1. More than 14 Å from chain B (Cβ to nearest Cβ), of a type in the set (S, T, N, Q), crowded, with 20+ Cβ neighbours inside 10 Å and out of contact with any helix residue (DSSP H, G or I) (no Cβ under 6 Å at 6 or more places or on another chain) - does that describe any residue in region A:148-155?
2. So, in region B:91-125, of the ones that are polar (S, T, N, Q) and within 12 Å of chain A (Cβ to nearest Cβ), which residue ends up surrounded by the most Cβ atoms within 10 Å (Cβ to Cβ)?
3. Would you point out which residue out of A:ALA165, A:ALA177 is outside any loop (DSSP other than H, G, I, E, B), aliphatic (A, V, I, L, M) and in contact (Cβ under 8 Å) with a residue 40 or more places away in the chain?
4. Within the set of pairs 6 or more residues apart or between chains, which connect a residue that is at positive phi inside region B:271-290 to a residue that is charged (D, E, K, R) with Cβ atoms less than 8 Å apart?
5. For region A:41-50, does any single residue satisfy the condition of being outside any loop (DSSP other than H, G, I, E, B), surrounded by 13 or more Cβ atoms within 10 Å (Cβ to Cβ) and within 30 Å of the chain's Cα centre (by Cα)?
6. Tell me, which residue of region B:52-71 that is among the β-branched types (Val, Ile, Thr) and in a helix (DSSP H, G or I) is farthest from the other protein chains (Cβ to nearest Cβ)?
7. Applying the selection to region A:57-87, what residues are in a loop (DSSP other than H, G, I, E, B) and in contact (Cβ under 8 Å) with a residue 12 or more places away in the chain?
8. Run B:THR101 past the list (1) assigned to a loop (DSSP other than H, G, I, E, B); (2) touching a helix residue (DSSP H, G or I) at 6+ places or on another chain (Cβ under 7 Å); (3) of a type in the set (Val, Ile, Thr) and report the number of the one that doesn't hold.
Amino acid sequence: MGLLSDPVRRRALARLVLRLNAPLCVLSYVAGIAWFLALAFPPLTQRTYMSENAMGSTMVEEQFAAGDRARSLARDFTAHRRKSGALPVAWLERTMRSVGLEVYTQSFSRKLPFPDETHERYMVSGINVYGILRAPRAASTESLVLTVPCGPDSTNSQAVGLMLALAAHFRGQIYWAKDIIFLVTEHDLLGTEAWLEAYHDVNVTGMQSSPLQGRAGAIQAAVALELSSDVVTSLDVVVEGLNGQLPNLDLLNLFQTFCQKGGLLCTLQGKLQPQDWTSIDGPLQSVQTLLLMVLQQASGRPHGAHGLFLRYRVEALTLRGINSFRQYKYDLVAVGKALEGMFRKLNHLLERLHQSFFFYLLPALSRFVSIGLYMPAAGFLLLVLGLKALELWMQLHEAGVGPEEAGKTPGSSPPHPPTQGGEHTGPRQGLDGAETGGPHLPGTTAGLHHPHQLLSGLPTGRQHGACCCRHQALWTPAALHCPAGADEPSSYTPGQLVPVAGASGSTALPGRGLAALPGRTGPGRAGASHLRLPALPAAGSGPLPLLAALLERALLEVTEAARSSPRSLLPRK
Amino acid sequence: MVDTCFLSQGLTTLAGLLLLPFGSLAASQIEDQAEQFFRSGHTNNWAVLVCTSRFWFNYRHVANTLSVYRSVKRLGIPDSHIVLMLADDMACNPRNPKPATVYSHKNMELNVYGDDVEVDYRSYEVTVENFLRVLTGRIPSSTPRSKRLLSDDRSNILIYMTGHGGNGFLKFQDSEEITNIELADAFEQMWQKRRYNELLFIIDTCQGASMYERFYSPNIMALASSQVGEDSLSHQPDPAVGVHLMDRYTFYVLEFLEEINPASQTNMNDLFQVCPKSLCVSTPGHRTDLFQRDPKNVLITDFFGSVRKVEITTETLSLQPDSGVIESSYKKDQMVEELMEPLKYAEQLPVAQIIHQWSCMNVRVGL
């Protein structure tokens with residue numbers, strides 16, 4: 001006999017597994033942690049590269065030079081804002097129109113669910129202003145977005161000034177193949193979400209917003225800009241979005257190439273690129289960056305206005321200008337040139353960004369780890385659970401080798417586990433004997449080799465259930481028998497319903513002797529709910545029999561139809 | 001007085017006798033020149049220039065094709081004898097910062113689009129099927145004349161193809177491809193239909209040499225920009241336009257062709273050396289085994305230009321029938337024809353056989 005069908009060898013295997021299980025679990029756990037930490041080191045990280053052909057390796061020369069205009073516009077914006085207290089909508093409309101854009105506004109309001117229910121809810125309302133630069137020679141089928149979120153606490157006026165100056169510069173170029181939308185939102189993320197919902201004609205957050213008057217086609221990419229002052233020492237890029245979603249890596253690669261080209265200092269998670277890979281500092285810093293990114297993704301917050309764009313599959317980034325204590329400062333022209341270059345390259349796109357990775361971790365700005373390389377770490381951690389389950393099953397199996405099932409089920413044609421045959425019989429006999437019933441507790445035969453043999457004995461009509469069952473059998477071995485074998489008659493009281501964790505209720509079939517319980521009602525267990533299953537042992541028999549009975553149900557769907565076999569079962573001891 | 005007459009007559013005769021060898025020498029020179037006049041067997045030139053890739057970042061393929069078009073037109077082939085197939089419109093692409101221009105040199109030195117470009121197959125009309133139909137002449141009767149290759153057996157045809165390719169195929173329009181076997185068969189069809197006298201095939205793609213490996217028709221010379229396993233590289237990016245402008249091989253071919261004028265005697269061997277590995281990074285290749293003449297006797301203008309040869313002579317000369325070039329090409333076919341038995345039509349519906357079979361079958365069945 002084979003390794004798994006021979007009961008002696010099976011028992012030896014079970015004992016081996018039990019002995020080795022604890023060290024294996026520890027090893028797997030340690031391997032998972034170690035793999036995760038090793039992600040920061042060079043062999044597992046790769047250098048970033050541009051995957052999209054259309055945004056290829058060629059550079060474009062930037063010609064933006066209107067730094068002064070940007071600053072004066074920012075000053076005006078600040079003044080008007082201070083005067084009006086909220087976003088100076090009229091001034092923005094006027095300025096955008098003078099630059100040459102098509103200007104539209106959108107008002108929105110939202111009742112926040114906090115501070116609390118008893119008091120009057122806090123109503124937030126605002127107006128978004130956006131201007132569309134139409135592509136001079138192309139149909140308006142696609143667009144790019146440059147958004148500047150303005151909130152009551154972060155005025156972001158320098159970014160508004162830069163955006164308007166860039167709009168004026170872009171308006172003078174004729175090489176745009178996509179429309180460009182310049183969006184100023186009020187109340188930060190609320191305004192952005194209102195605009196996005198209205199643009200895509202959905203309503204997922206219950207925001208009341210006026211519909212958009214002007215539209216520009218499918219958005220291919222978006223950049224959100226936050227500047228605190230008119231000189232920056234570094235540009236920080238934020239990629240994590242709502243629910244941990246990330247933009248396509250090509251967008252980050254694009255930003256990084258323009259950082260390199262313009263000589264800008266660019267940071268990720270506020271950290272510079274590790275320069276020194278030979279000593280421990282470099283890898284340590286990249287481990288820190290990696291963990292920070294994991295934590296930020298795990299928090300689920302959108303860490304910038306870009307995070308809300310990602311839900312609509314619009315690749316987006318947030319660029320934050322940081323002004324810290326460094327000698328070398330970049331003015332608005334440098335930031336403007338980087339943005340101009342990025343937009344010009346995005347203009348070359350023919351399709352949405354799809355060539356590069358959507359799931360990745362960044363130990364540094366120019367290095368990434370793809371999902372294929374960081375998944376094994378999670379896999380190792382989950383392997384511990386699998387090993388534990390295997391150990392549990394083996395323990396139950398070992399415990400249940402002795403006592404035998406006896407008697408038949410009081411009811412008629414119950415779904416009983418087919419694997420009854422005693423230890424000496426093969427599963428085929430177990431199939432045959434399935435109908436003779438009773439709590440043929442899935443006895444001694446191991447469930448591992450059963451599924452295919454069970455399947456072969458099934459009528460075709462049952463195939464679906466059988467397949468499902470097979471899947472389940474592999475996962476939760478069905479060949480468990482109820483350790484309370486001696487209690488059988490009592491444990492199969494007809495009509496007894498035992499509350500089972502995870503069972504979504506039971507349907508009693510009065511015509512039958514058994515209470516029918518729905519199949520494993522966990523997600524992913526399709527097709528089992530219509531099958532009748534034996535009642536579980538009395539709740540008082542302890543957790544282990546309960547568990548065993550639960551596990552026993554894995555094979556029960558299979559056996560339901562195998563009742564026409566004439567051969568008798570149960571070579572019992 | 002009579003003496004002077006006799007003396008002058010004698011002098012004239014002597015002069016004539018002395019000049020006679022010179023005369024015969026001159027006569028043989030003229031015959032040599034006449035010989036040269038008909039050295040190549042062609043009387044007209046055609047060009048089929050194909051760019052197979054679309055999208056803005058394949059700007060360089062369009063620029064390649066247009067630069068060959070420009071040279072070919074400059075050297076005399078008229079638009080009516082050029083079939084230009086461009087898979088995408090770069091000059092009027094919304095991303096082009098200088099509309100209506102296609103540059104081949106950076107800093108906008110050379111606009112190969114020009115003022116009078118005539119594109120015959122444009123955009124989505126450039127397909128494998130259309131290309132093969134153009135070559136073989138199996139074209140629906142409604143096709144305008146400018147889209148046809150109306151060549152005859154005295155035509156020298158230049159075929160230039162560029163785009164993305166691989167080992168044994170060339171990609172058309174990002175959705176289909178032509179294999180080297182199909183191309184070789186198309187050329188064989190052209191040969192059998194007597195659609196060319198000599199054919200020069202130039203290809204500038206990655207692994208271009210694989211495209212001419214399968215040719216088996218006579219009178220074909222082929223050049224490629226790279227060998228199997230090598231990539232053809234692009235030449236220079238232009239930051240104002242934002243794309244690579246040309247491919248290396250065609251860039252140097254263009255520079256070479258700019259030196260040629262209709263009267264130049266540069267031959268094919270110079271074209272083979274036009275881009276050494278140091279400039280091109282890939283290894284250009286060529287194939288001349290199917291070609292009857294020696295490449296060093298083949299002028300560049302035999303294929304790239306349409307040269308109206310005019311020679312002014314004052315002597316008379318008697319023309320001999322043309323040398324063995326044409327005869328040898330047809331002789332083999334004629335011999336093959338004589339050996340075969342005369343052809344006759346096969347019966348479309350062999351009624352007798354059918355009836356016979358049917359009756360046999362019935363007998364077996366026992367009817």
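1. Scanning region A:148-155, I find no residue that is more than 14 Å from chain B (Cβ to nearest Cβ), of a type in the set (S, T, N, Q), crowded, with 20+ Cβ neighbours inside 10 Å and out of contact with any helix residue (DSSP H, G or I) (no Cβ under 6 Å at 6 or more places or on another chain), so the answer is no.
2. The qualifying residue surrounded by the most Cβ atoms within 10 Å (Cβ to Cβ) is B:ASN96.
3. A:ALA165 is the lone residue from the list that is outside any loop (DSSP other than H, G, I, E, B), aliphatic (A, V, I, L, M) and in contact (Cβ under 8 Å) with a residue 40 or more places away in the chain.
4. B:VAL281/B:ARG248
5. yes
6. B:VAL68
7. Going through region A:57-87, the residues in a loop (DSSP other than H, G, I, E, B) turn out to be A:57-66, A:85-87.
Result: A:MET59, A:VAL60, A:GLU62, A:GLN63, A:PHE64, A:ALA65, A:ALA66, A:ALA86, A:LEU87.
8. Only one criterion is unmet by B:THR101, namely (2).
The values are calculated or read from the model by the stated rules, or taken from the named source; none is laboratory data. Note that this is a predicted model, so its numbers are computed, not measured. With ideal geometry, Cβ positions are generated from the backbone for all residues, glycine too; neighbour counts draw on all protein chains shown.
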